[in-house]
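Let me begin by presenting the structure, written as structure tokens, before commenting on it.
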Amino acid sequence: MAWDEWEQLKAAASERQSTGMQLNQLDPGDGSPGTRGGGSLGRHGDLKVANESLTGIGRSAHDLYNDLWDKARVAVPSGDAAAGDLTTQGFALGDGLQHVTNRWQEQLRSLMDACAQITNHLQVTRTIHTGDENFIQRQMSGIATLDAGFDERVGQPGAANPVYGAAGKGDGDGEGK
């Protein structure tokens, strides 16, 4: 293949492909970003997930864990007992049943661990993000108060700034009011 032909193929391929990023989402048809899975794309492309969606996922994982604990776990002791009974009676089926029971236990444990991890991760994530949000709000409210204190438009020229409250005795200006 000649070099010129290679360059032509590359140019043709680049013309067919968009260089922009494309997200897999449903286009609602009104020009706004689509939503999917409880999240939405904000005005600036930030992914936002509602706390209710995370709570629902966590609740479903917790419910599945409880159902597995209550219902699927009961099959294990009876399977072990049946496998042991068949083996002592000389049936080869006992070993096969014991193998199935062991695999059931492994898979059940794996699924229950996954459900517990989902639930715990969502709880920790929610706690961390709530703490971060509170910290940011505290920082922003302090900055707003400080900004208002330096804003000359808040009070009359020469008068005390009302953002800091009324002046009282011992305010350091040397005049006992």
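Only one entry of VAL100, VAL74 meets the criterion of being more than 30 Å from ASN51 (Cβ to Cβ), in contact with a helix residue (DSSP H, G or I) (Cβ under 8 Å, 6 or more places away or on another chain) and open to solvent by 80 Å² or more (accessible area, probe 1.4 Å), and that entry is VAL100. If the condition is being β-branched (Val, Ile, Thr) and open to solvent by less than 80 Å² (accessible area, probe 1.4 Å), then the stretch 77-97 contributes only THR87.
The values are calculated or read from the model by the stated rules, or taken from the named source; none is laboratory data. Bear in mind the structure is a predicted one, so any value in this text is a computation, not a measurement. With ideal geometry, Cβ positions are generated from the backbone for all residues, glycine too; neighbour counts draw on all protein chains shown. Calculation scope for accessible area: heavy atoms of the full protein, side chains included, ligands and nucleic acids excluded. Shrake-Rupley method; radii C 1.70, N 1.55, O 1.52, S 1.80 Å.
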